[in-house]
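Heads up: the structure comes next, in structure tokens.
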Amino acid sequence: MKIRFIVVVVFAMSTVVSAQWLKHPTAGIPRTADGKPDLTAPTPRLANGKPVLAGLWRPAPGGPGVGNIARNLKDPVPFQPWAEALLKERRANNSRDDPTAKCIVGGVPRSDLVGYPYRILEVPGMMVILYEAVHAYRQIFTDGRELPKDPNPAWFGYSVAKWDGDALVVTTAGFNDNVWLDNSGHPATEQLRVTEKFVRKNFGNMDIEITIDDPKAYTKPWTVVQPLAFQADTELLEYICNENNKYFEIIPKLNADR
């Protein structure tokens with residue numbers, strides 16, 4: 001897996017830093033008198049009055065994060081017994097079956113939580129999210145269509161959205177049966193239905209309220225909130241995943257040698 005700060009340091013030592021656009025000023029954003037981005041400025045709005053969600057965002061401290069999506073829950077995760085047993089097994093074996101270790105995309109909601117930036121684009125009839133992590137993308141349709149009735153199972157599922165006041169509510173379904181909700185291995189099945197509520201609080205801060213509804217894996221829906229922070233004056237980096245990753249082949253030997 002790529003560690004972003006190491007990559008940034010390597011690029012900073014290169015003679016082609018300007019080509020990476022990592023310090024290029026973001027146009028059209030509010031700034032303070034000293035030229036710094038004003039992240040406390042009011043939420044920008046579209047001509048129809050709806051909040052602008054577009055921009056470069058990154059998961060902020062205080063949320064669950066990708067390590068353990070249930071980290072901030074006050075109540076225990078409402079597991080079905082088999083799902084709780086599977087999570088314990090995955091933790092015991094260092095998540096050796098994690099699909100992302102084989103360069104497969106993280107899906108939803110995992111990609112919302114991982115600590116890499118992602119860019120939200122708003123175009124007519126669609127919102128697109130470009131995730132730096134695993135170089136993935138996602139289409140969220142806002143043109144009024146319904147979710148497909150008999151979808152081909154997918155890692156990211158199929159997403160449609162509509163506005164509820166100032167919140168964009170995204171519904172995603174049609175997953176395959178091997179989606180991991182986080183790095184710990186909270187499981188999900190083909191019955192997973194994810195609702196994401198995007199709420200921009202001001203210019204520099206947005207929350208995603210994420211509800212997990214998978215009756216095959218959990219006894220009732222449960223909800224977490226991931227805050228996002230606007231990333232000004234920088235850009236996405238290319239993420240290259242090593243297709244010949246030997247990490248999960250090496251780990252058992254390392255453990256045996258301890």
Discussion item. Looking at the stretch 121-143 only, could you name the residues that are buried (at least 20 other Cβ atoms within 10 Å of the Cβ), more than 15 Å from G157 (Cβ to Cβ) and not hydrophobic (A, V, I, L, M, F, W, C)?
Written reply: E132
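Restricting attention to the stretch 141-151, does a residue exist that is part of a strand (DSSP E or B), over 17 Å from E190 (Cα atoms) and either modelled with pLDDT of 95 or more or of a type outside the set (D, E, K, R) (or both)?
Initial filter on the stretch 141-151 (part of a strand (DSSP E or B)): 141.
Still in the list and also over 17 Å from E190 (Cα atoms): 141.
With either modelled with pLDDT of 95 or more or of a type outside the set (D, E, K, R) (or both) added as a condition, the list becomes 141.
The answer is yes, given that some residue of the stretch 141-151 is part of a strand (DSSP E or B), over 17 Å from E190 (Cα atoms) and either modelled with pLDDT of 95 or more or of a type outside the set (D, E, K, R) (or both).
Could you tell me which of the residues I69, I104 is at pLDDT below 95, part of a loop (DSSP other than H, G, I, E, B) and among the β-branched types (V, I, T)?
Numbers: I69 fails: at pLDDT below 95.
Of I69, I104, the one residue that is at pLDDT below 95, part of a loop (DSSP other than H, G, I, E, B) and among the β-branched types (V, I, T) is I104.
Could you tell me which residue of the stretch 187-226 is surrounded by the fewest Cβ atoms within 10 Å (Cβ to Cβ), considering only residues that are in contact with a helix residue (DSSP H, G or I) (Cβ under 6 Å, 6 or more places away or on another chain) and not aliphatic (A, V, I, L, M)? Spell out the reasoning first.
Pass one, the stretch 187-226, residues in contact with a helix residue (DSSP H, G or I) (Cβ under 6 Å, 6 or more places away or on another chain): 187, 208, 217, 226.
From what is left, the residues that are not aliphatic (A, V, I, L, M) are 187, 226.
Values: P187: 24, Q226: 22.
That would be Q226.
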Fill in: Single condition W163 does not satisfy, out of (1) under 23 Å from I69 (Cα atoms); (2) of a type in the set (F, W, Y); (3) over 15 Å from the mean Cα position of the chain (by Cα)
(1)
Worksheet entry | Those residues of the stretch 126-163 which are polar (S, T, N, Q) and closer than 21 Å to V105 by Cα, in sequence order | Q139, N152, S159
Practice prompt. Return the total of residues in the stretch 164-181 being crowded, with 23+ Cβ neighbours inside 10 Å and out of contact with any strand residue (DSSP E or B) (no Cβ under 6 Å at 6 or more places or on another chain).
Written response: 4
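When the stretch 165-218 is examined, which residues are found to be closer than 16 Å to P151 by Cα and not in a loop (DSSP other than H, G, I, E, B)?
The initial filter retains those residues of the stretch 165-218 that are closer than 16 Å to P151 by Cα, namely 171-179, 189-194.
Matches in the stretch 165-218: T171, T172, A173, F175, R193, V194.
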Worksheet item: Do you know which residues across the stretch 47-60 are out of contact with any Phe, Trp or Tyr (no Cβ under 8 Å at 6 or more places or on another chain), in a loop (DSSP other than H, G, I, E, B), modelled with pLDDT of 95 or more and not small (G, A, S)?
Response: V52
Worksheet item: Does the stretch 34-46 contain at least one residue that is of a type in the set (S, T, N, Q) and either outside any loop (DSSP other than H, G, I, E, B) or modelled with pLDDT of 95 or more (or both)?
Response: yes
Response to the item:
For the stretch 74-106 the number of residues that are touching a Ser or Thr at 6+ places or on another chain (Cβ under 9 Å) and either touching a residue at least 60 places away in the same chain (Cβ under 8 Å) or surrounded by fewer than 17 Cβ atoms within 10 Å (Cβ to Cβ) (or both) is 10
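Confirm whether I129 is more than 23 Å from N242 (Cβ to Cβ), part of a strand (DSSP E or B) and modelled with pLDDT of 95 or more.
Details: more than 23 Å from N242 (Cβ to Cβ): yes; part of a strand (DSSP E or B): yes; modelled with pLDDT of 95 or more: yes.
When the stated conditions are applied, I129 passes them.
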Fill in: Checking W180 against (1) under 24 Å from P153 (Cβ atoms); (2) without any contact (Cβ under 8 Å) to a residue 60 or more places away in the chain, the condition it does not meet
(2)
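The values are calculated or read from the model by the stated rules, or taken from the named source; none is laboratory data. Worth saying up front: this structure is predicted, and the values here are computed from it rather than measured. Positions of Cβ are generated from backbone atoms using ideal geometry, with glycine treated the same way; all protein chains shown enter the neighbour counts.
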